[in-house]
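Inspection log for the structure reproduced underneath, given as structure tokens.
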Amino acid sequence: MRIGPYQLDNNIIVAPMAGITDRPFRQLCRRLGAGLAVSEMMSSNPKVWKTDKSMNRMDHSGESGVRSVQIAGADPELMAQAAQFNVANGAQIIDINMGCPAKKVNKKLAGSALLQYPELVEEIVDAVVNAVEVPVTLKIRTGWDPDNRNGVEIAKIAERNGIASLAVHGRTKACMYKGDAEYVTIRDIKRSVSIPVVANGDITSPEKAKQVLEYTGADAIMIGRAAQGRPWIFREIDHFLRTGKHLPTPEISEVRSILMEHLINLHQFYGEPMGARIARKHVSWYLQTHDQAGQFRRVFNALEAPNEQIEALEKYFETLAAN
């Protein structure tokens, strides 16, 4: 998989997820086999660029691999300025968000709400591509509702305005995350353009990854929610696509090691009290299969101090290992 001048290690990409794909998570996914990790979306509103939240989202210091930053907004001029600002801060790829279905994003006409306005899509894409020297990618959905799947039209706009790669989530804006992703539209998009196409949506296993790549003809796949609490899914898929064989499920000792590394990195990255609070959702995802009754997670979620969280997890894994 190639995006502009950048040759990726493989064709498995971490989807940008607000509040999740921060630097600690991106680095972990890269280490565990992702070819590219896209950062969570940055608003194109310059008034919020200096907030703690935005400064954290822009932090790529010491990060391995190609730095791809997603921007969101509906004003072509502000989007162009946001692209320039992020390139000045070290972004090597700019990704435009036209896929987010969240109400608070859509009510500002950003994210997937833009799919209803192809002329505005063209203005935004043209403005951003011409504002920066780095490759610009685009993330969309298949359309804005099941009766209006205009993904092919949007893909052609993207291609003729210089988009380097197009990621498509197999649902419409109206579908949010309900029902099953459909891949017919992604296949149609791939057949209609010559730029790289990335398939996204409900890819939760190595077999599904292979099936979606073969069915759609896509150049790469993008994994989002399936990587929450399971960042090793990238190496599992990569290994399966290369060899046709499954890697063994990680031993509980390795899960512990990965989780502790992630936890400590979150504590260091965000400081107190945010690090401990943000860690809660990640720990909950990691332990879903082990702590099915949720007993430990309820205790863990009441802990405020990083050292308390580390101690509690150490004890939890010692108990697991003993059983």
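For R30, the test of being open to solvent by 30 Å² or more (accessible area, probe 1.4 Å), modelled with pLDDT of 95 or more, of a type in the set (K, R) and in the same structural domain as I154 (by the TED database) is passed. So is V283 without any contact (Cβ under 8 Å) to a residue 24 or more places away in the chain and aliphatic (A, V, I, L, M) or not? Judged against the criteria, V283 is not a match.
Test G201 against the stated conditions and say whether it is over 20 Å from K156 (Cα atoms), open to solvent by less than 20 Å² (accessible area, probe 1.4 Å) and either small (G, A, S) or touching a Leu at 6+ places or on another chain (Cβ under 8 Å) (or both). Criteria met by G201. In summary, A113 fulfils each of the numbered conditions (1) among the small types (G, A, S); (2) open to solvent by less than 10 Å² (accessible area, probe 1.4 Å); (3) under 30 Å from I237 (Cα atoms) with the single exception of condition (3).
Matching residues to (1) at pLDDT 75 or above; (2) closer than 18 Å to A127 by Cα; (3) open to solvent by less than 10 Å² (accessible area, probe 1.4 Å):
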| residue | (1), (2), (3) |
| --- | --- |
| K47 | yes, no, no |
| T51 | no, no, no |
| L78 | yes, yes, no |
| N86 | yes, yes, yes |
| I93 | yes, yes, yes |
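Would you please name the residue that is farthest from the chain's Cα centre (by Cα), looking only at residues in segment 1-47 that are farther than 13 Å from E63 by Cα and assigned to a helix (DSSP H, G or I)? Across segment 1-47, the extreme among qualifying residues is K47.
Just so you know, in segment 1-27 the residues that are among the aliphatic types (A, V, I, L, M) and more than 17 Å from R242 (Cα to Cα) include one that is most open to solvent (accessible area, probe 1.4 Å), and it is A18.
The values are calculated or read from the model by the stated rules, or taken from the named source; none is laboratory data. This structure is a prediction, so every number in the text was calculated from the model and none was measured. We place every Cβ from the backbone using ideal geometry, glycine too, and count neighbours over all the protein chains shown. The protein model used for the area step is the full one, side chains on, heavy atoms only, and it has no ligands, DNA or RNA in it. Shrake-Rupley method; radii C 1.70, N 1.55, O 1.52, S 1.80 Å.
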